[in-house]
Amino acid sequence: GKKGVEGISSDSLLTEGAEYPLDDLVLATGFDAMTGALNRMDIQGRDNVSLKKAWEAGPKNYLGLMTHGFPNFFMVTGPGSPSVLSNMLPTIEHHVEWISDCIDYLRTQNIGKIEADLKAQDEWVAHGNEIASKTLRYTCSSWYLGTNVPGKPRIFMPYIGGMPAYREKCAAVVTADYEGFELT
């Protein structure tokens, strides 16, 4: 059977009854970054389509905030946003403030539903893929691309355009009365 790890010393790994000398120790958790937790929640959108099904070819969303077919479902630091390529706390704060302001706007305008427009979503995904494809990060096999999860589509998931450009885009969307979103 497998022996569990009991400890790590300065130069070896200790298991039940054995010591393995080592120079370096690499820990791989096998986590399913950016989409795994959302897919495991079994989120259902319009016509009972699951988010996992909608994303089976890779995550698709607008600004990393909403996915077409999933009205009133906001995401924070998910795929399509700078998330893991930025300082997470200010990024989370930006998303929470943007979502809060959006909900306040919807309430004051007596609007009950918001979702990503399909065309805007497709353009955002294409834009993210275009800028990512010009980087070295796109050429390696990493969790940024989902290659650590067997069967997961190879898609660069975070938005690599940078937080300043991302914030400007989000602000421009609001200024244009939530352009790229369907409000009903």
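The values are calculated or read from the model by the stated rules, or taken from the named source; none is laboratory data. Quick caveat: nothing in here was measured; it's all calculated off a predicted structure. Neighbour counts run over all protein chains shown; Cβ positions are idealised from the backbone, glycine included. With ligands, DNA and RNA removed, areas are computed over all heavy atoms of the protein, side chains included. Shrake-Rupley method; radii C 1.70, N 1.55, O 1.52, S 1.80 Å.
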Checklist entry - If only one of 60, 119 is assigned to a helix (DSSP H, G or I) and surrounded by fewer than 21 Cβ atoms within 10 Å (Cβ to Cβ), which one is it? => result 119
Checklist entry - Looking only at segment 63-99, which residues are over 13 Å from the mean Cα position of the chain (by Cα), open to solvent by less than 30 Å² (accessible area, probe 1.4 Å) and within 21 Å of residue 169 (Cβ to Cβ)? => result 70, 94, 98, 99
Checklist entry - What do you reckon, is residue 32 in a loop (DSSP other than H, G, I, E, B) and open to solvent by 10 Å² or more (accessible area, probe 1.4 Å)? => result yes
Checklist entry - Among the residues of segment 90-99, is there at least one that is closer than 24 Å to residue 161 by Cα and in contact with a Gly (Cβ under 9 Å, 6 or more places away or on another chain)? => result yes
Checklist entry - over 13 Å from residue 178 (Cβ atoms), touching a residue at least 24 places away in the same chain (Cβ under 8 Å) and not in a helix (DSSP H, G or I) - does that describe any residue in segment 88-111? => result no
Item to check | Scope segment 35-57; condition assigned to a strand (DSSP E or B) and open to solvent by 60 Å² or more (accessible area, probe 1.4 Å); matching residues | outcome: 44
Next on the checklist: Take residue 106 and tell me if it is surrounded by 12 or more Cβ atoms within 10 Å (Cβ to Cβ) and either basic (Lys, Arg) or at pLDDT 95 or above (or both).
Outcome noted: yes
Item to check | Leading residue by the ranking (farthest from residue 66 (Cα to Cα)) among those in segment 124-154 that are part of a helix (DSSP H, G or I) and free of Cβ contacts under 8 Å to residues at least 12 places away in the same chain | outcome: 136
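One line per residue, one yes/no per condition, for (1) of a type in the set (Phe, Trp, Tyr); (2) over 21 Å from residue 53 (Cβ atoms); (3) exposed (fewer than 15 other Cβ atoms within 10 Å of the Cβ); (4) at pLDDT 95 or above:
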| position | (1), (2), (3), (4) |
| --- | --- |
| 127 | no, yes, yes, yes |
| 147 | no, yes, yes, no |
| 150 | no, no, yes, no |
| 159 | yes, yes, no, yes |
| 167 | no, yes, no, yes |
| 173 | no, yes, no, yes |
| 178 | yes, yes, no, yes |
Checklist outcome for this item: Selection from segment 8-23 of residues loosely packed, with under 10 Cβ neighbours inside 10 Å and at pLDDT below 90 yields 17
